[in-house]
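K.L.:
Can you read through this structure? Questions will come right after.
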Amino acid sequence: MAKKTRKLKKDARHKRIRAIVKGTPDRPRLSVFKSNKHFYIQLIDDVNGKTLASVSDKEIKNKKNDSINAGELGKILAKKAFDLGLKSVVFDRGGYKFHGSILEIASGAREGGLKF
């Protein structure tokens with residue numbers, strides 16, 4: 001039996017999550033993506049297939065470590081969501097485990113006022 005790689009496990013988690021999590025115009029999906037260097041988060045309306053707001057860590061002026069940057073990203077996206085009149089979202093962690101920087105994004109968005 002072949003050994004499952006980290007990417008295969010992540011893809012399986014992502015499929016399980018996306019089968020359940022759907023974004024609507026009233027409660028969009030907060031999607032998280034990590035590359036090797038950057039974080040990208042966006043609010044997506046799956047019904048209409050549109051991105052409502054997006055933020056990347058390239059927009060942060062004073063960069064610190066990844067977890068602090070991730071918390072700031074969550075706060076920035078929460079501010080953009082309030083400008084659009086959104087108060088609650090559905091969190092899509094994108095197959096990543098819910099710890100570290102993913103946890104910081106979620107807590108930053110909660111501190112910014114978004115409800116999950």
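K.L.:
Does A78 satisfy being without any contact (Cβ under 8 Å) to a residue 60 or more places away in the chain, over 30 Å from T5 (Cα atoms) and of a type outside the set (D, E, K, R)?
P.N.:
yes
K.L.:
In the stretch 8-26, what residues are of a type outside the set (A, V, I, L, M, F, W, C), touching a Lys or Arg at 6+ places or on another chain (Cβ under 9 Å) and either modelled with pLDDT of 95 or more or over 24 Å from N48 (Cα atoms) (or both)?
P.N.:
K10, R13
K.L.:
Any idea which of (1) of a type in the set (D, E, K, R); (2) more than 17 Å from A106 (Cβ to Cβ); (3) in contact (Cβ under 8 Å) with a residue 40 or more places away in the chain; (4) in contact with a Ser or Thr (Cβ under 9 Å, 6 or more places away or on another chain) is the one K10 doesn't satisfy?
P.N.:
(4)
K.L.:
Can you list residue pairs whose Cβ atoms sit under 6 Å apart, with the first residue in the stretch 36-55 being under 14 Å from I76 (Cβ atoms) and in contact (Cβ under 8 Å) with a residue 40 or more places away in the chain and the second being surrounded by 18 or more Cβ atoms within 10 Å (Cβ to Cβ) and among the charged types (D, E, K, R)? Count only pairs 6 or more apart in sequence or on different chains.
P.N.:
F39/D57
The values are calculated or read from the model by the stated rules, or taken from the named source; none is laboratory data. Nothing here was measured: the structure is a model prediction, and the numbers come from that model. Glycine gets a Cβ as well: all are built from the backbone with ideal geometry, and neighbour counts include every protein chain shown.
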